[in-house]
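This report refers to the structure that appears directly beneath it.
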Amino acid sequence: MSAPKKNKSPVVTLVVGMAGSGKTSVTSRLRLACDAVGLNPYVLNLDPAVRNLPYEPNVDIRDTIDYVGIRKKYNLGPNGAILTACNLFATRFDQGRSKYLHGQHLAQ
């Protein structure tokens, strides 16, 4: 009898929550846990308003989206600017994906 085949599909974990709920802390711990067992996680930061991250994301919305500029340009509050930033990022994702795969970032 042969050993069961391992699932080659990627495991995806999406961490969501209200401001201050610990998303960054959980993501940091998950990344450390993956590193400790030899996994190489691909981490995306989709929070344009976060100021500091204790880990280095593979893709960071802040590299392509100017959160403060969006707030000013559209006269939005914090939550409206976050949603607008995510919408703008989504419209550029295909373009950005190929550039990230080649080690480049989109222009601001």
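The values are calculated or read from the model by the stated rules, or taken from the named source; none is laboratory data. Predicted model only: the values in this text are computed from it and were never measured. Heads up, the Cβs are rebuilt from the backbone with ideal geometry, glycines too, and the neighbour counts pull from every protein chain shown.
May I ask you to list the residues in the stretch 22-49 that are in a loop (DSSP other than H, G, I, E, B) and not charged (D, E, K, R)?
Going through the stretch 22-49, the residues in a loop (DSSP other than H, G, I, E, B) turn out to be 22, 37-43, 46-49.
Within the stretch 22-49, 22, 37, 38, 39, 40, 41, 42, 43, 46, 48, 49 qualify.
Return the only residue of 55, 42 being modelled with pLDDT of 90 or more, among the hydroxyl-bearing types (Ser, Thr, Tyr), within 12 Å of the chain's Cα centre (by Cα) and within 22 Å of residue 12 (Cα to Cα). Steps first, please.
On the way: 42 fails: modelled with pLDDT of 90 or more.
None of the others qualify; the one that does is 55.
With the requirement that a residue be among the β-branched types (Val, Ile, Thr) and surrounded by fewer than 16 Cβ atoms within 10 Å (Cβ to Cβ), what does the stretch 27-49 give you?
Step one: of the stretch 27-49, the residues among the β-branched types (Val, Ile, Thr) are 27, 37, 43.
If the condition is that a residue be among the β-branched types (Val, Ile, Thr) and surrounded by fewer than 16 Cβ atoms within 10 Å (Cβ to Cβ), then 37 is the only one that fits.
Kindly indicate whether residue 43 is closer than 22 Å to residue 78 by Cβ and among the aliphatic types (A, V, I, L, M). Before the answer, list the steps.
Values: closer than 22 Å to residue 78 by Cβ: no; among the aliphatic types (A, V, I, L, M): yes.
Criteria not met by residue 43.
Which ones in the stretch 50-66 are in contact with a Cys (Cβ under 9 Å, 6 or more places away or on another chain) and assigned to a loop (DSSP other than H, G, I, E, B)? Give the derivation first.
From the stretch 50-66, those in contact with a Cys (Cβ under 9 Å, 6 or more places away or on another chain) are 61, 65; that's our starting set.
Hit for the stretch 50-66 is 65, nothing else.
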